[in-house]
Amino acid sequence: MTAILQLNGVEKAFGGLKALDGVTIDLNEGEILSVIGPNGAGKSTLFNVITGVYTPDAGNILFRGRSVVGLAPFQVTTLGISRTFQNVHLFPQMTVLENAMVGQHCRTKAGLFGALFPFGSTRREEARIRERAVAALEFFGTRLAGYRQRQPAYVLSYANRRRLEMARAIATEPTVLLLDEPTAGMNPRETLELRDNINRMRDELGLTLLVIEHDMRVVKGVSDRVIAMDYGKPIAEGTYDEVANDPQVIAAYLGTKAVG
């Protein structure tokens, strides 16, 4: 398989704490790779160095063979890597549709002049932005469709806010999508529904996904491969069954045998 995203010996420290310790990971095109581990294992730091929030202290990160180290987050997004956050980041006073349209900002060309003088090309671009945003929202079915798109984001349920953040990430037209604990705070029915949505993101939208997730039912239900991290480095890699039943993983995170 072809690796679309490669981390080679990536390190990141905060003072005396080594959050990432020589991490080497290949994400293959078209796969869903899940990362598991306890709090403090370095999972969110991993996402932050990939997306330009942090610059790694050592190592390299390659997207389609090109280093993204040193790029700003918006530049990484423009290349085709989008993400969600562990804590939902939305514009609460903006409508659901406007939040999704923000995802298209990295694809716009009109600039300030076009905004001040909206000629035909600018209006066509705005129509395309709206169309892409609506399509991203409607990926989640009735949850974010119809009248909901005219509501301010703050009135949405917690689960729908998480869906909206994912829709906005999809609207950036990514190749690789990073989901940081996408089912956090959801009830069992919502969790299973989102598990199916993650599979559809790959199967219907053609995305490659890197997923941080604590719910082992979701990990089992979506993953082609699983990597377990502890103290800033991978300690096991393989299929769900191989990783979830690895003695180091059981000792470090699970405490008992994995959910069957």
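Only the coordinates and a few stated rules stand behind these numbers; no lab work does. What you see is a predicted model, and the numbers here were worked out from it, not measured in a lab. Positions of Cβ are backbone-derived with ideal geometry, glycine not excepted, and every protein chain shown enters the neighbour counts.
Here are some notes:
- From its DSSP helices (H runs of at least four residues, each -39,500 (n - 2.57)), the chain gives a residue-normalised ellipticity at 222 nm of -10000 deg cm²/dmol.
- Given (1) 19.4, 78; (2) 18.9, 64; (3) 17.5, 53, the label whose value is Rg and Dmax of the Cα atoms in Å derived from this model: (2)
- Normalised by the number of residues in the range 158-236, the mean separation of alpha-carbon contacts (under 8 Å, six or more apart) gives a relative contact order of 29 percent.
- Extension gain for the segment R200 to R130, taken as residue separation times 0.36 nm less the Cα-Cα distance, is 23.0 nm to one decimal.
- The distance between label points at F74 and Y231 comes to 4.1 nm (points 7 Å beyond Cα on the Cα→Cβ vector).
- When each of the peptides 51-60, 216-225 is scored by how many other beta carbons lie within 10 Å of its residues on average, the order from highest to lowest is 216-225, 51-60.
- A simple rule links phi to the HN-Hα coupling: the Karplus curve 6.51 cos²θ - 1.76 cosθ + 1.60 with θ = phi - 60°, which for the range 9-18 gives x, 6, 10, 8, 10, 10, x, x, 9, 8 Hz, with x for Gly and Pro.
- A simple charge model with +1 on the Cβ of Lys and Arg, -1 on the Cβ of Asp and Glu and nothing else charged puts the dipole of the range 1-104 at about 120 debye relative to its Cα centre.
- Ordering P188, S82, N160 by Cα displacement along the dipole of the chain toward the positive end leaves N160 in first place; charges were set at the Cβ atoms of Lys, Arg (+1) and Asp, Glu (-1).
- Taking all Cα pairs closer than 8 Å and separated by 6 or more residues, the relative contact order of the chain comes to 26 percent.
- Between V35, V219, G70, the Cα set farthest toward the positive side of the dipole of the chain (charges on each charged residue's Cβ, about the Cα centre) is that of G70.
- Between the range 1-54 and the range 201-218, the alpha-carbon centres lie 16 Å apart.
- Taking the Cα centre of the range 167-260 as origin and assigning +1 to Lys and Arg Cβ atoms and -1 to Asp and Glu Cβ atoms, the resulting dipole is close to 100 debye.
- Cut-off under 5 Å, modelled amide H: who pairs with N245 long-range: none
- Per-residue 3J(HN,Hα) values for the range 158-172, derived from phi via the Karplus relation 6.51 cos²θ - 1.76 cosθ + 1.60 with θ = phi - 60°, read 4, 4, 6, 5, 5, 4, 4, 4, 5, 4, 4, 5, 5, 5, 6 Hz in sequence order (x marks Gly and Pro).
- Between A236 and A228, the built amide H atoms are under 5 Å apart, and every one of these is 5 or more places off in sequence or on another chain.
- Applying 1/(1 + (r/R0)^6) with r as the Cβ-Cβ distance of R150 and F14 and R0 = 30 angstrom yields a FRET efficiency of 0.10.
- For I4, the residues whose amide H sits under 5 Å from its own are L27, N28, E29, ignoring neighbours fewer than 5 places away on the same chain, with H placed 1.01 Å from N.
- Here the Karplus relation 6.51 cos²θ - 1.76 cosθ + 1.60, evaluated at θ = phi - 60°, turns the backbone of the range 83-97 into coupling constants of 8, 10, 10, 4, 9, 4, 10, 10, 9, x, 7, 7, 6, 4, 5 Hz, with x for every Gly and Pro.
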